[in-house]
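Every number in this text was worked out from the coordinates using simple rules, so none of it is lab data. The model shown is predicted, which means the values in this text are computed figures rather than measured ones. Here the Cβ is made from the backbone with ideal geometry for all residues, glycine too, and neighbour counts use every protein chain on show.
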Amino acid sequence: MKFAVLTSSPSSFALIATALASEHIECVRFDDALALLRARRGETFQMLMIDALQFHTAGQLVLSWRQCNADMRWPTMVFGQFAEREDMLRVFDAGVDDMLVGHFSADELRARVLRLLRHAGQTLPAVSMNVTVGPYRLCRLTHTLKLHGVPIRLTAREFATAWLLFSSPGTFLSRQQIASAVWGTDASVVGRSIEQHIYRLRKKLRCGEETGVEIKTIYARGYQLTIHHNDPALEPHATHTDLAGHPVIAQRDTQPGQAAPAQTWILPAHVEWMNATHLVSAGSGAHLAALVT
């Protein structure tokens, strides 16, 4: 499933992509209306999301095209802070289905998106509920983590951070990714909290030679879950299962700086342009704010 996101703000896009990643949704960012209109000739989207700051300009242009072209009748949501109050009053007249005004939580965004998809008769693919890595087993449904079958008591944010790491073993996760996914804010605001949570996880989970699993700090920019094997030919991977216990796509290893596999949302250090910025957000290790109360 693929969403078009019209915004010039990388941070706003990162929050949206992270919030929707656990639902196997790929988000594609467009800075302007023309890039989006060109891309829709060769791509199919299931929803259009428009930054409120661009509603009066680029957003209005896209909505005009949407009304005149049957292939663009996607469910549409406007999000963020409007530059002018009059723009907010014109949203629904322009054909928008829903809007999130001002600051919003990842939980609220996800709930609104699911509502729009249901209204449009669309459904999401099955989401992984369990992850097994070495002696660890995590269940997102019950928010539990077990080591060798023994439950380990974790806070909501500790579990959310653990899920993010264990569902993407071998993948470099930046501090900003973790901040957006678990706290729903910028890394500069919660940088110290991230360090404290990682420290506590290492201690509680007994990471190291004993378990063969390690949470590494990478260049002081982020973290990576590393699995040590006696056989170097073995790749780190996670076993994912859905609610029915059926296995789903496994996560394979990547090294820092390499492109992530299609099942993991990665916010790269640079942005690659191909008429639009593509950011794959279909991985199971992504938005976890729904786990935090």
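For each of ILE198, ILE50, ILE152, count neighbouring Cβ atoms within 10 Å of the residue's Cβ, then give the residues from fewest to most.
Final ranking by Cβ density, sparse to dense: ILE152, ILE198, ILE50.
Describe numerically, in nm with one decimal, the distance between label points set 7 Å from Cα along Cα→Cβ at GLU214 and at TYR199.
Once both label points are built, they end up 2.0 nm from each other.
Exposure proxy check: THR44, THR7 ranked by fewest other beta carbons within 10 Å?
Lowest count first: THR44, THR7.
For LYS204, which lysines qualify as cross-link partners when the Cα separation must be under 25 Å and same-chain residues fewer than eight apart are set aside?
Within reach: LYS146, LYS216.
Would you mind getting me the FRET efficiency between LEU89 and ARG221? Use the beta-carbon distance for r and R0 = 35 Å, nearest 0.05.
0.20
Assuming R0 = 35 Å, what is the FRET efficiency of ALA111 and ARG38, from their Cβ-Cβ distance, to the nearest 0.05?
0.65
Starting with the fewest neighbours, write out CYS27, CYS139 ranked by other beta-carbon atoms found within 10 Å of each beta-carbon.
The fewest-first ordering by Cβ neighbours comes to CYS139, CYS27.
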